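What follows is a single structure, written as structure tokens, with notes after it.
The values are calculated or read from the model by the stated rules, or taken from the named source; none is laboratory data. Keep in mind that this is a model prediction, so the values were computed, not measured. Glycine gets a Cβ as well: all are built from the backbone with ideal geometry, and neighbour counts include every protein chain shown. Just the protein is used for accessible areas: all its heavy atoms, side chains included, with ligands, DNA and RNA removed. Shrake-Rupley method; radii C 1.70, N 1.55, O 1.52, S 1.80 Å.
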There are 4 protein chains.
Amino acid sequence: MARDGTSPKWRRRKEARPAEIVDAALDAFAERGFAATRLEDVAERAGISKGTLYLYFRSKEELFKAVIQQAMVPNLALAEERLAISTGTTRELLLEVVGGFLGSVAGAKLSAIPKLIIGEANNFPEVAEFYTREVAGRGMRIIAAILKRGMDRGEVRPLDPSLAAPIIAGPLLLLVLWKNVLEPYAKQTIDAEEYMRTYADILLNGVLQRPAPKEG
Amino acid sequence: MARDGTSPKWRRRKEARPAEIVDAALDAFAERGFAATRLEDVAERAGISKGTLYLYFRSKEELFKAVIQQAMVPNLALAEERLAISTGTTRELLLEVVGGFLGSVAGAKLSAIPKLIIGEANNFPEVAEFYTREVAGRGMRIIAAILKRGMDRGEVRPLDPSLAAPIIAGPLLLLVLWKNVLEPYAKQTIDAEEYMRTYADILLNGVLQRPAPKEG
Amino acid sequence: MARDGTSPKWRRRKEARPAEIVDAALDAFAERGFAATRLEDVAERAGISKGTLYLYFRSKEELFKAVIQQAMVPNLALAEERLAISTGTTRELLLEVVGGFLGSVAGAKLSAIPKLIIGEANNFPEVAEFYTREVAGRGMRIIAAILKRGMDRGEVRPLDPSLAAPIIAGPLLLLVLWKNVLEPYAKQTIDAEEYMRTYADILLNGVLQRPAPKEG
Amino acid sequence: MARDGTSPKWRRRKEARPAEIVDAALDAFAERGFAATRLEDVAERAGISKGTLYLYFRSKEELFKAVIQQAMVPNLALAEERLAISTGTTRELLLEVVGGFLGSVAGAKLSAIPKLIIGEANNFPEVAEFYTREVAGRGMRIIAAILKRGMDRGEVRPLDPSLAAPIIAGPLLLLVLWKNVLEPYAKQTIDAEEYMRTYADILLNGVLQRPAPKEG
DNA sequence: CATGAATGAGTGTTCATTCAT
DNA sequence: TATGAATGAACACTCATTCAT
């Protein structure tokens, strides 16, 4: 029985399944919200039967939690590391972080998470707390750290970093939500890249020290 | 005023009912989301019986639509009028509009709407479209109009107003959502007034023409 | 409306419902056991819909508990009172109590309870404890009291009443179970009255003082 | 002893399996009842996998039947033989049979069977019939035979043996059920040996000819 | 108009049974 | 033989909706 090196179709499945299911669930939840999603739909999307779900997740709620975690956690570490290494100017740093952000918005998958959190936070206090601390909080702290570093280097105007951080994050959140929620119902589209350029323009202008305006 | 025999209190009641119900529904929906809210809870909050709801709204979905409309429509006209009359500088105008916004965030009631829309847009295309057009869209157009006016007057740097508008709105959205969704699960609070001050500082700096830097 | 004395079909229902449901449930449980009974069957027997059950009982388990209690409690008080009043000989007393028992066996309804308890005790510790204390225990204590009284009056041979009581109860339990469980699958029937006569004969002989053996 | 290459332990295992499974099943059924027992639990107790069960039993029901049969059949033949050989007085004979019974109660295993039968008889007509005929019926017939023999020998008072038999069996059934069902939920314990002594005392007194009442 | 008892379609969850390995 | 992943029928329970009062 399977004496050779080929792994049986099945075994491999066993390991991939949880991720496949979470993926399918993210899609389904993103489309209809947590409550309105039938587990049977998730199963169908994942190409399995309803019962099989329960081999991997104890309940719909557990599945939801898994969706949130699987989607967010890896992504955050990334951003943090990027920051730690960097040596450039604040301008460069901000553009880099924000550029990375743009990338994830395009890779639509996980950009549906905020929408889910917003809709269900009150029904999943645990998840809400986790998200607040580990995602929103961490994100804010990263931005605040950049600002502080910038102020230390004299590049950034004196500001309260913990207040400025969410202000910087705001337009990004709006973009994500727009793309995920309202754009399908709008007549016009926002071009993400143009948006980000304008955003960088405005925000950097708003935040950075005026560049020694040589005489107007 | 009750010239006839009928109890006026009662009469007024009858007319107020729909609004009372919508109010109760907004509360309930804001707390648990549309799907997770039981009509019985709404009824209880409104001090009526489950059956009575159906005398005023044909279904849960109709009630939802009413909630969205009742909450938003009046508020928008207000902002628009404010704009039309205004004669001040762009700085003043923006601060005024944005200040009005701060007021509505404090009057928490309708600030829960965005959260609802975000969670349920896909399940209520009609509502989503309405909201996109009449609320989000109109809001953007107001801001864009201010910017354009500012550019015409030479107060605002040259920018694409339709791109800049959502960027200006972003931090406001974030504040609303933070207050309504995550703050209960966070260790720290954002002081709305401080936040708005910093916001004005950054955004105005980012958007307005540099004030004639005299020479360094 | 309903100004006259007739009570609306409905109101009256409301009050009778719980008992009707418990009745239907007892039948169903008696037939198939707790686990194998579908709530839908209970509903059907009670002439109501599945959902209506839940207006009166919070869960299948609650219904089960209600069945046990409704069936047993009233019956026990009766037996106890009968005892308290009595003034006859032990023979008369035992025959009376035991006769009452025969009556309840005929009125099959509640005679299915022991069967239910036996099958589900381990799954309903609460119920088991209640039954042990309030039904089995109380029954034993009644019998033991009769015996003790009999010994005090010199009518009953010296015996440990708390051991003798279950021995006296045993044949009664067997009869109930036989009638409820195995008889449908047996070729012969036990005639309950004959059985009780023989029972009285044997047990009284076994328990009472020998009738003045004329000089032995 | 393992002279060849095949592991004998393994071999023996294979043959013992059915019995082991039935054993595990008896335990599980005794604890939770037939319906509430998951086959997975049985498998776990037996130290095998869920699928393996199906190599030995075609369904849960088949397993149940096997449990009943394996538990009862051998035990009955024993009692019958004991009777056939015996030559003592009725008193001795009864005490002997009943003593054997006491032994089996102690060896708890199969004493859970009555409980199972009582709970599931209606769901397993076949089993119920088998049990009625081969266990209950046979048991009754053994006792009846003893009584008849006793009457023939003038040791037993004239009685209808087929009515007296269940009366004699009743207290034994009660003991078994008490031990298996309610005792865990009671504050007091019944000492089985004392119980049996009192039982013998009462029943023999009730059944046997009065011991030569010296001319009364 | 108002009530709340009644309904039943819908969904999460369990578990006996199957079957590819 | 043995495994355990996969299945899907079955059932408890919920809740929007109806309607007799």
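Got at least one residue in the stretch A:139-156 being closer than 30 Å to residue B:130 by Cα and touching a Lys or Arg at 6+ places or on another chain (Cβ under 8 Å)?
Start the filter on the stretch A:139-156 by keeping residues that are closer than 30 Å to residue B:130 by Cα, which leaves none.
No, because not a single residue in the stretch A:139-156 is closer than 30 Å to residue B:130 by Cα and touching a Lys or Arg at 6+ places or on another chain (Cβ under 8 Å).
Taking the stretch C:87-107 only, how many residues are open to solvent by less than 30 Å² (accessible area, probe 1.4 Å) and among the small types (Gly, Ala, Ser)?
From the stretch C:87-107, those open to solvent by less than 30 Å² (accessible area, probe 1.4 Å) are C:88, C:90, C:93-94, C:98, C:100, C:105; that's our starting set.
Those left that are additionally among the small types (Gly, Ala, Ser): C:88, C:100.
Here the count works out to 2.
What number goes with the only condition from (1) open to solvent by 70 Å² or more (accessible area, probe 1.4 Å); (2) under 21 Å from the mean Cα position of the chain (by Cα) that residue B:187 does not pass?
(2)
Scan (1) within 17 Å of residue C:119 (Cβ to Cβ); (2) open to solvent by 20 Å² or more (accessible area, probe 1.4 Å); (3) in contact (Cβ under 8 Å) with a residue 12 or more places away in the chain for the single condition residue D:36 breaks and write down its number.
(3)
Pick from C:172, C:116, C:182, C:163: which is closer than 24 Å to residue C:81 by Cβ and at pLDDT 90 or above?
Working: C:116 fails: closer than 24 Å to residue C:81 by Cβ; C:182 fails: closer than 24 Å to residue C:81 by Cβ; C:163 fails: closer than 24 Å to residue C:81 by Cβ.
Residue meeting the stated conditions: C:172.
Being among the aliphatic types (A, V, I, L, M), over 23 Å from residue A:197 (Cα atoms) and more than 8 Å from chain A (Cβ to nearest Cβ): is that true of residue B:181 here? Show your work before the answer.
Values: among the aliphatic types (A, V, I, L, M): yes; over 23 Å from residue A:197 (Cα atoms): yes; more than 8 Å from chain A (Cβ to nearest Cβ): no.
Criteria not met by residue B:181.
Condition (residue is within 15 Å of the chain's Cα centre (by Cα) and not assigned by TED's automatic domain parsing to the domain that holds residue C:28) applied to the stretch C:142-151: is it met by at least one residue?
Keep residues of the stretch C:142-151 that are within 15 Å of the chain's Cα centre (by Cα), which gives C:142-143.
Filter once more, keeping what is not assigned by TED's automatic domain parsing to the domain that holds residue C:28: C:142-143.
There is at least one residue in the stretch C:142-151 that is within 15 Å of the chain's Cα centre (by Cα) and not assigned by TED's automatic domain parsing to the domain that holds residue C:28.
What are the residues in the stretch C:148-164 that are more than 18 Å from residue D:204 (Cβ to Cβ) and buried (at least 22 other Cβ atoms within 10 Å of the Cβ), if any?
First, pick out the residues of the stretch C:148-164 that are more than 18 Å from residue D:204 (Cβ to Cβ): C:148-155, C:161-162.
Answer for the stretch C:148-164, where residues must be more than 18 Å from residue D:204 (Cβ to Cβ) and buried (at least 22 other Cβ atoms within 10 Å of the Cβ): just C:150.
For the stretch C:190-201, which positions are open to solvent by 80 Å² or more (accessible area, probe 1.4 Å) and more than 7 Å from chain D (Cβ to nearest Cβ)? Outline the logic, then answer.
Going residue by residue through the stretch C:190-201, those that are open to solvent by 80 Å² or more (accessible area, probe 1.4 Å) are C:193-194, C:197.
C:193, C:197, listed by residue number.
Going through A:110, A:63 one at a time, which residue ends up being open to solvent by less than 20 Å² (accessible area, probe 1.4 Å) and closer than 22 Å to residue A:180 by Cα? Working first, answer last.
Values: A:110 fails: open to solvent by less than 20 Å² (accessible area, probe 1.4 Å).
The unique qualifying residue is A:63.
When the residues of the stretch A:155-170 are filtered to those that are within 7 Å of chain B (Cβ to nearest Cβ), touching a Ser or Thr at 6+ places or on another chain (Cβ under 9 Å) and in contact (Cβ under 8 Å) with a residue 24 or more places away in the chain, which remaining residue is farthest from residue B:191 (Cα to Cα)? Lay out the reasoning, then the answer.
Taking the stretch A:155-170 as the starting set, the residues that turn out to be within 7 Å of chain B (Cβ to nearest Cβ) are A:159-160, A:163-164, A:166-167, A:169-170.
In the following step, the residues that additionally are touching a Ser or Thr at 6+ places or on another chain (Cβ under 9 Å) were identified as A:159-160, A:163-164, A:167.
Narrowing the set further to residues that are in contact (Cβ under 8 Å) with a residue 24 or more places away in the chain leaves A:159, A:164.
Values: A:159: 15, A:164: 12 Å.
Once the filter is applied, the top-ranked residue is A:159.
What pairs come out if I take residues in the stretch B:89-109 that are of a type in the set (Gly, Ala, Ser) and pair them with residues that are surrounded by fewer than 13 Cβ atoms within 10 Å (Cβ to Cβ) and modelled with pLDDT under 85 whose C-beta lies under 8 Å away, six or more apart or interchain?
Here the result reads B:100/B:78, each pair linking the stretch B:89-109 to a residue that is surrounded by fewer than 13 Cβ atoms within 10 Å (Cβ to Cβ) and modelled with pLDDT under 85.
Here's a check for you: in the stretch D:51-64, which residue that is within 14 Å of another protein chain (Cβ to nearest Cβ) and touching a residue at least 40 places away in the same chain (Cβ under 8 Å) is nearest to DNA strand F (Cβ to nearest atom)?
Top of the filtered list is D:61.
Starting from the stretch C:119-147, take each residue that is away from chain D (no Cβ under 11 Å) and list its partners that are hydroxyl-bearing (Ser, Thr, Tyr), counting only C-beta distances under 9 angstrom and pairs at least six apart or across chains.
What qualifies is C:141/C:162; C:144/C:162; C:146/C:86; C:146/C:90.
Among the numbered criteria (1) free of Cβ contacts under 8 Å to residues at least 60 places away in the same chain; (2) open to solvent by 60 Å² or more (accessible area, probe 1.4 Å); (3) hydrophobic (A, V, I, L, M, F, W, C), which single criterion is violated by residue A:73?
Tallying (1) free of Cβ contacts under 8 Å to residues at least 60 places away in the same chain; (2) open to solvent by 60 Å² or more (accessible area, probe 1.4 Å); (3) hydrophobic (A, V, I, L, M, F, W, C), residue A:73 fails exactly one: (1).
So, restricting to helices (runs of 4 or more DSSP H) that lie completely within the stretch A:1-110, which ones have at least 2 residues that are more than 9 Å from DNA strand E (Cβ to nearest atom) and modelled with pLDDT under 95?
On the way: elements: A:9-32, A:39-46, A:50-56, A:60-85, A:90-106.
In the stretch A:1-110, A:9-32, A:60-85, A:90-106 are the helices (runs of 4 or more DSSP H) which contain 2 or more residues that are more than 9 Å from DNA strand E (Cβ to nearest atom) and modelled with pLDDT under 95.
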